[in-house]
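The values are calculated or read from the model by the stated rules, or taken from the named source; none is laboratory data. The shown structure was predicted, so the numbers you read here are calculated from the model rather than taken from an experiment. Cβ: placed from backbone, ideal geometry, glycine included. Neighbour counts: every protein chain shown. These accessible areas exclude ligands, DNA and RNA; they are computed on the full protein's heavy atoms, side chains included. Shrake-Rupley method; radii C 1.70, N 1.55, O 1.52, S 1.80 Å.
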Amino acid sequence: MSQDERGRPVYMRIADRLRRRILSGELSEGDKLPSTPEIAREYKVARNTASDALGLLVTEGLAVARPGSGTYVRARPRRRRLVRAWNRNAMGGSPFARLMEDYAQVGSWDYESRTGQAPPAVRERLGLPEPQGDEPDTVHTSYLFRGDGQPVQLSQSWEPLAITRGTPVVLPEDGPYAGLGVVARMRQIDVLVTHAAEVVSARVALTTESSALDVAPGAIVLTVERTYYADARAVETADIVIPVDRYEVVYGTSVWDVPR
């Protein structure tokens, strides 16, 4: 084999043929793919080329490599819906925990909070001025959200210390109002969250994200830049990462939020 007239590499063309067999159902979940030597013999290519073809399918999330055993068609999980609705958030408590209850799952999350200075893009979203020396001006919390122990989404959240410093809600996951969610926590210090804005996009998962979410390297993830406001003032912003092979996002709103 050699590259065709459009210059498509041989390993990609081999991967195309194997991919079609997977997507058509000819090769089912758990089936073993041809080995590197078998592909090399069938297509009369070098073993490195055959290995690259299998590696591409692994990167795409269609196959999984098991050392000492071979490469197998990866199980494709049933996609579930993550509902992002303002009226759900406004109810108070943890919107994520309630969502997992809808699926009869237990919602939980790992987290780490620390004070510091937010990066420039986040400062702009929060409307923060230039930092003063090394003085911390935000609480940054990293989350890994789980449903029945399995990864669901990641989140990086920032809250301005100008709002929460010295209050019982300064740490989102510690204290008397831990885990209640942004809307309910802010209500405890008389900050009324009035609305949220979200910017949605998609990209390839970072290596650390792939590991945390247990998805294949190179998998596509949905990204959500979410900011909560009390009227015109931003009170929290977060970068949320969701694997698209497991979840689709549905947006909803109360009829009272729709202009008439």
- Task: Among the residues of the stretch 172-209, write down those that are assigned to a loop (DSSP other than H, G, I, E, B), over 16 Å from ILE242 (Cβ atoms) and open to solvent by 60 Å² or more (accessible area, probe 1.4 Å).
- Result: ASP174, PRO176, TYR177, ASP190, LEU192
- Note on the structure: Subset of the stretch 33-42, residues under 16 Å from LEU23 (Cβ atoms) and surrounded by fewer than 19 Cβ atoms within 10 Å (Cβ to Cβ), comes to none
- Task: Give the residue that is nearest to THR237 (Cα to Cα), with candidates limited to residues of the stretch 147-164 that are β-branched (Val, Ile, Thr) and in contact (Cβ under 8 Å) with a residue 40 or more places away in the chain.
- Result: ILE163
- What are the residues in the stretch 109-128 that are surrounded by 12 or more Cβ atoms within 10 Å (Cβ to Cβ) and in a helix (DSSP H, G or I), if any? VAL122, ARG123, GLU124, ARG125, LEU126
- Note on the structure: Counting only residues in the stretch 210-239 that are of a type in the set (Asp, Glu) and either open to solvent by 20 Å² or more (accessible area, probe 1.4 Å) or over 25 Å from PRO120 (Cα atoms) (or both), the one nearest to the chain's Cα centre (by Cα) is identified as ASP239
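This table checks each residue for (1) at pLDDT below 95; (2) closer than 23 Å to PRO243 by Cα; (3) surrounded by 13 or more Cβ atoms within 10 Å (Cβ to Cβ); (4) not β-branched (Val, Ile, Thr).
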| position | (1), (2), (3), (4) |
| --- | --- |
| ARG8 | yes, no, no, yes |
| ARG13 | yes, no, yes, yes |
| THR59 | yes, yes, yes, no |
| PHE96 | yes, yes, yes, yes |
| LEU99 | yes, yes, yes, yes |
| GLY107 | yes, yes, yes, yes |
- Query: Of VAL45, VAL73, VAL64, which residue is in contact with a helix residue (DSSP H, G or I) (Cβ under 7 Å, 6 or more places away or on another chain), of a type outside the set (D, E, K, R), open to solvent by 40 Å² or more (accessible area, probe 1.4 Å) and closer than 30 Å to GLU29 by Cβ?
  - Reply: VAL64
- Pair list, Cβ < 9 Å and 6+ apart or interchain, from the stretch 64-80 residues that are over 23 Å from VAL152 (Cα atoms) to residues that are open to solvent by 50 Å² or more (accessible area, probe 1.4 Å) and part of a strand (DSSP E or B): SER69/LYS32; GLY70/LYS32; THR71/LYS32; THR71/ALA65; TYR72/LYS32; TYR72/ALA65; TYR72/ARG66
- Selection from the stretch 27-48 of residues free of Cβ contacts under 8 Å to residues at least 24 places away in the same chain and farther than 16 Å from THR71 by Cα yields ARG41, GLU42, ALA46
- List, please: which pairs have Cβ atoms under 6 Å, are six or more places apart or on different chains, and start with a residue in the stretch 180-206 that is within 22 Å of VAL83 (Cβ to Cβ) and free of Cβ contacts under 8 Å to residues at least 40 places away in the same chain and end with one that is part of a strand (DSSP E or B) and open to solvent by 60 Å² or more (accessible area, probe 1.4 Å)? VAL199/GLU225
